[in-house]
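A quick write-up on the structure given underneath.
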Amino acid sequence: MSDHYTISPAASDDLDALLALNQQANPHPWSAALMADALASGKNSRQNWLLKDKVSGELVAWLCASKVYDQSELELVVTHPDWRRRGLAQRLIEHWLDWAQAQDCHEALLEVRASNTGAIALYEKLAFAEVGRRKNYYPLADGGKEAAVLMTRPLNDAH
């Protein structure tokens with residue numbers, strides 16, 4: 001798979017492509033203002049990586065993560081619907097985890113909608129464990145709310 005895709009840092013001039021990907025891939029898309037803020041954040045507080053197809057140059061996935069002290073949190077990972085089930089999100093998450101370890105982070109954190117069973121299965125495959133839930137955290141289209149599943153993973157190689 002590594003021969004077909006590239007991972008690179010995102011920049012402010014990637015905003016339009018990221019907005020399009022976010023609208024296509026995210027059932028609860030971030031606002032344009034939130035995405036612009038994510039791209040403008042300082043180097044140590046927030047990181048963004050793009051995954052592109054080498055042949056077409058198409059942006060197919062994006063990951064945003066933050067670092068606070070010795071923890072790093074996954075804020076968002078999205079994969080274009082046409083490119084799902086190819087291990088691309090996993091590849092970006094592994095890239096993030098490697099980066100977090102290199103930044104001396106001791107723990108990786110994330111939260112995910114309780115209904116997102118595919119993502120939860122991926123996170124469990126990558127050694128994340130559920131450590132709690134936030135009830136009624138995420139809004140639903142029908143006006144209801146659903147829980148956020150809180151997950152964590154120790155980063156063993158961190159100092």
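Kindly check whether there is at least one residue in the range 37-46 that is open to solvent by less than 30 Å² (accessible area, probe 1.4 Å), small (Gly, Ala, Ser), without any contact (Cβ under 8 Å) to a residue 40 or more places away in the chain and under 18 Å from ARG153 (Cα atoms). There is no residue in the range 37-46 that is open to solvent by less than 30 Å² (accessible area, probe 1.4 Å), small (Gly, Ala, Ser), without any contact (Cβ under 8 Å) to a residue 40 or more places away in the chain and under 18 Å from ARG153 (Cα atoms).
Filtered by the rule that a residue be open to solvent by less than 60 Å² (accessible area, probe 1.4 Å), more than 15 Å from TYR123 (Cβ to Cβ) and either assigned to a loop (DSSP other than H, G, I, E, B) or in contact with a Leu (Cβ under 8 Å, 6 or more places away or on another chain) (or both), the range 48-77 gives ASN48, TRP49, LEU50, LEU51, GLY57, LEU59, VAL60, ALA61, TRP62, CYS64.
Restricting attention to the range 16-27, the residues being out of contact with any Pro (no Cβ under 8 Å at 6 or more places or on another chain), surrounded by 12 or more Cβ atoms within 10 Å (Cβ to Cβ) and not polar (S, T, N, Q) number 5.
The values are calculated or read from the model by the stated rules, or taken from the named source; none is laboratory data. Here the structure is a predicted model, which is why all the values come from computation and not from measurement. When we count neighbours, we look across all protein chains shown, and the Cβ atoms used for this are built from the backbone with ideal geometry, even at glycine. Heads up: the accessible areas ignore ligands, DNA and RNA and are worked out on the full protein's heavy atoms, side chains in. Shrake-Rupley method; radii C 1.70, N 1.55, O 1.52, S 1.80 Å.
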